[in-house]
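The values are calculated or read from the model by the stated rules, or taken from the named source; none is laboratory data. Since this is a predicted model, take the numbers as computed values, not measurements. Don't worry about glycine lacking a Cβ; one is built from the backbone with ideal geometry, like all the others, and counts go over all protein chains shown. SASA here: full protein model, heavy atoms, side chains in, ligands and nucleic acids out. Shrake-Rupley method; radii C 1.70, N 1.55, O 1.52, S 1.80 Å.
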Amino acid sequence: MAPNIASNTSVSLDELLDFVRPRHRAILLTRRADGSPQGSPLTCGVDDSGRIVVSTYPERAKTRNAKRDPRVSLIILSDEWNGPWVQIDGTAEVIDSPDSVEPLVEYFRNISGEHPDWDEYRAAMLKQGKSIVRVTPERWGPVATGAFRRGSPRTEGAGRSRLRWCWGLRPQTPIGPEGASSSNAGRAIGCHRPASPSPRCPPPAGPGRR
């Protein structure tokens, strides 16, 4: 079985949002009053304006931190531990109840689809006093996969088997049957795997998984 090869792929904003939309696991990094980082694992989505959105409560540490200092970062993770991930830096906006209700409707719809009773959902958001954090992406790193670097002893001969990509677009440097780079370069995000399915590189999760 060919090992996964580490990759770093630069992406445009549109490609970044396409990467984030089906992925709902993230870590939000905010700043405490003393400047030290506060990390919060959470569920996230993308709203219709291209902002990363997080449902929360006004008394949570991340909410208080983002109100005091809107400079935040998000690490977007795949469902599989070895899957691709990306860090996004941006500016946060916190919206509290009751103004948060309609943004929360959009948040739910974009992650899980239609709710069976939107009136019930709106009433629950008001009763719980939910807030929403909206992060506008301003800077982001490459989409990365952690694995073996190309040319290490564990990857000798890895290119000899046909490879295909398990997320998104065309390979940036497509690999032929003998591992030679093709001149027909495109853009790609994700990891690659042998033509036969492998549990080490499962297919990406579809939208709606939380």
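Within region 1-26, the set of residues being modelled with pLDDT of 95 or more, open to solvent by 30 Å² or more (accessible area, probe 1.4 Å) and assigned to a strand (DSSP E or B) comprises R25 only. Each residue in region 70-79 was checked for being buried (at least 20 other Cβ atoms within 10 Å of the Cβ) and either outside any strand (DSSP E or B) or touching a Ser or Thr at 6+ places or on another chain (Cβ under 6 Å) (or both), and 2 pass. Among the residues of region 47-57, is there at least one that is touching a residue at least 24 places away in the same chain (Cβ under 8 Å), out of contact with any strand residue (DSSP E or B) (no Cβ under 9 Å at 6 or more places or on another chain) and farther than 17 Å from V143 by Cα? Looking through region 47-57, at least one residue is touching a residue at least 24 places away in the same chain (Cβ under 8 Å), out of contact with any strand residue (DSSP E or B) (no Cβ under 9 Å at 6 or more places or on another chain) and farther than 17 Å from V143 by Cα.
To keep it simple, each residue is scored yes or no on (1) at pLDDT below 95; (2) open to solvent by less than 20 Å² (accessible area, probe 1.4 Å); (3) part of a loop (DSSP other than H, G, I, E, B).
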site: W81; (1), (2), (3): yes, no, yes
site: P98; (1), (2), (3): no, no, yes
site: I111; (1), (2), (3): no, yes, no
site: P116; (1), (2), (3): no, no, yes
site: E120; (1), (2), (3): no, no, no
site: K127; (1), (2), (3): no, no, no
site: T136; (1), (2), (3): no, no, no
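Looking across region 35-64 at every residue that is assigned to a loop (DSSP other than H, G, I, E, B) and among the polar types (S, T, N, Q), the one that is farthest from the chain's Cα centre (by Cα) is identified as S36. Per the conditions (1) part of a strand (DSSP E or B); (2) free of Cβ contacts under 8 Å to residues at least 60 places away in the same chain; (3) open to solvent by less than 20 Å² (accessible area, probe 1.4 Å), the sole criterion not satisfied by I88 is (2).
Residues in region 27-34: is at least one over 16 Å from I111 (Cβ atoms), open to solvent by less than 40 Å² (accessible area, probe 1.4 Å) and either within 13 Å of the chain's Cα centre (by Cα) or in contact (Cβ under 8 Å) with a residue 24 or more places away in the chain (or both)? Yes - at least one qualifying residue is present in region 27-34. Just wondering, is there one or more residues in region 150-166 that are surrounded by fewer than 17 Cβ atoms within 10 Å (Cβ to Cβ), touching a strand residue (DSSP E or B) at 6+ places or on another chain (Cβ under 8 Å), closer than 30 Å to S73 by Cα and at pLDDT 50 or above? Yes, that holds for at least one residue. Filtered by the rule that a residue be of a type in the set (S, T, Y) and surrounded by fewer than 16 Cβ atoms within 10 Å (Cβ to Cβ), region 44-63 gives S49, Y57. Of all the numbered requirements in (1) outside any loop (DSSP other than H, G, I, E, B); (2) surrounded by fewer than 13 Cβ atoms within 10 Å (Cβ to Cβ), K67 misses one, and that requirement is (2).
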